[in-house]
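Have a look at the structure below before the remarks.
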Amino acid sequence: MEVSLIIPAYNEEKRITHTLEMVMPFMDRHFTEYEVIVVDDGSSDQTVTVVQAFGHPHLQVVSLITNRGKGMALKHGMLLAQGKYIFFMDADLPYSLESIREALRVFDREKADLVIGGRDLYAEQFDVPYPLSRKIASAVFSLFINTVLCLQIPDTQCGFKGFTRAAVQKIFPQLTIQGFGFDFEMLFLARKYDYKIERIPVNLCHSDDSKVHIVKDSWKMFRDALQVRMNDWNGVYTALKEVSHEG
């Protein structure tokens, strides 16, 4: 299988149909062997029923019994994926699906292990209606994360990332962060194992109903960054390498 796309979903019954109406025709046009996996993160609405009703041979939905957080939902889906290259993107499709094709070109040209989106690289980013409060919070957060974890990646939280299957099988079994902090944990592990990371410009389409709460979630992510550093100091990731994971 060439490509897998993982879409985490929590109570997305109102927009998941529109999302799939965009995703599935795009994938049909550009790929023959592919899969789209919607990971239901213990939704309390009809997300699963809506996805099942959509009915497409390359689409499947898997469910976590309870709400575990975006990090755990993605970990589950990424480890189930069968593609040579495995991508994830949020259910509101904040980035162009064309980013997948551009990332594949970079995988091939640069022999990368990860290709991740960079909102800071997009030349017309100033045109995006993105709240000033979030821009400031993102800048402060990026400085903190890169200082604590030494990632040298300006935009760790971009919701578009792609991995080779080999990188997924190495990194994702070791993820411990359940919420939004999973992004920098996976990048920390990629750096730890000397994987080659390439960045591509992506244009963010801001969503007014984003589920990220700046103050509350920023504090959670500050805490999670310190936890990642403590995990590494305490040998947690080395120990986890020896554990069998089923996804």
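The values are calculated or read from the model by the stated rules, or taken from the named source; none is laboratory data. Worth saying up front: this structure is predicted, and the values here are computed from it rather than measured. A quick note on method: Cβ atoms are made from the backbone with ideal geometry, for glycine too, and the neighbour counts reach across all protein chains shown. We work out accessible area using only protein heavy atoms, side chains counted, and drop any ligands, DNA or RNA first. Shrake-Rupley method; radii C 1.70, N 1.55, O 1.52, S 1.80 Å.
Scan segment 32-64 for residues that are more than 18 Å from residue 13 (Cβ to Cβ) and open to solvent by 20 Å² or more (accessible area, probe 1.4 Å) and jot them down.
32, 33, 57, 58
Pairs, please: C-beta under 8 Å, at least 6 apart or cross-chain, first residue in contact (Cβ under 8 Å) with a residue 24 or more places away in the chain and in segment 21-39, second surrounded by fewer than 21 Cβ atoms within 10 Å (Cβ to Cβ) and small (Gly, Ala, Ser)?
Taking only residues 6 or more apart or on different chains, the pairs are 39/63.
For the list (1) touching a strand residue (DSSP E or B) at 6+ places or on another chain (Cβ under 8 Å); (2) crowded, with 22+ Cβ neighbours inside 10 Å, I need the number of the one condition that residue 71 fails.
(1)
Among the strands (runs of 3 or more DSSP E) lying completely within segment 17-93, list those that include at least 1 residues that are over 13 Å from residue 4 (Cα atoms) and charged (D, E, K, R).
34-41
Only one of (1) surrounded by 17 or more Cβ atoms within 10 Å (Cβ to Cβ); (2) modelled with pLDDT of 90 or more is not met by residue 192, so which one is it?
The number of the failed condition is (1).
Within segment 1-16, can you find the residues that are of a type outside the set (A, V, I, L, M, F, W, C) and open to solvent by 50 Å² or more (accessible area, probe 1.4 Å)?
2, 10, 11, 13, 14, 15
I'm told residue 168 meets every condition in (1) modelled with pLDDT of 95 or more; (2) farther than 26 Å from residue 16 by Cα except one. Can you identify the failing condition by its number?
If we test residue 168 against (1) modelled with pLDDT of 95 or more; (2) farther than 26 Å from residue 16 by Cα, just (2) comes out false.
Which one of these does residue 119 not meet: (1) under 26 Å from residue 15 (Cα atoms); (2) open to solvent by 10 Å² or more (accessible area, probe 1.4 Å); (3) modelled with pLDDT of 90 or more?
Here residue 119 meets the rest and fails (3).
Does at least one position in segment 154-162 carry a residue that is open to solvent by 20 Å² or more (accessible area, probe 1.4 Å), closer than 17 Å to residue 120 by Cβ and not aliphatic (A, V, I, L, M)?
Checked against the condition, which is being open to solvent by 20 Å² or more (accessible area, probe 1.4 Å), closer than 17 Å to residue 120 by Cβ and not aliphatic (A, V, I, L, M), segment 154-162 yields at least one hit.
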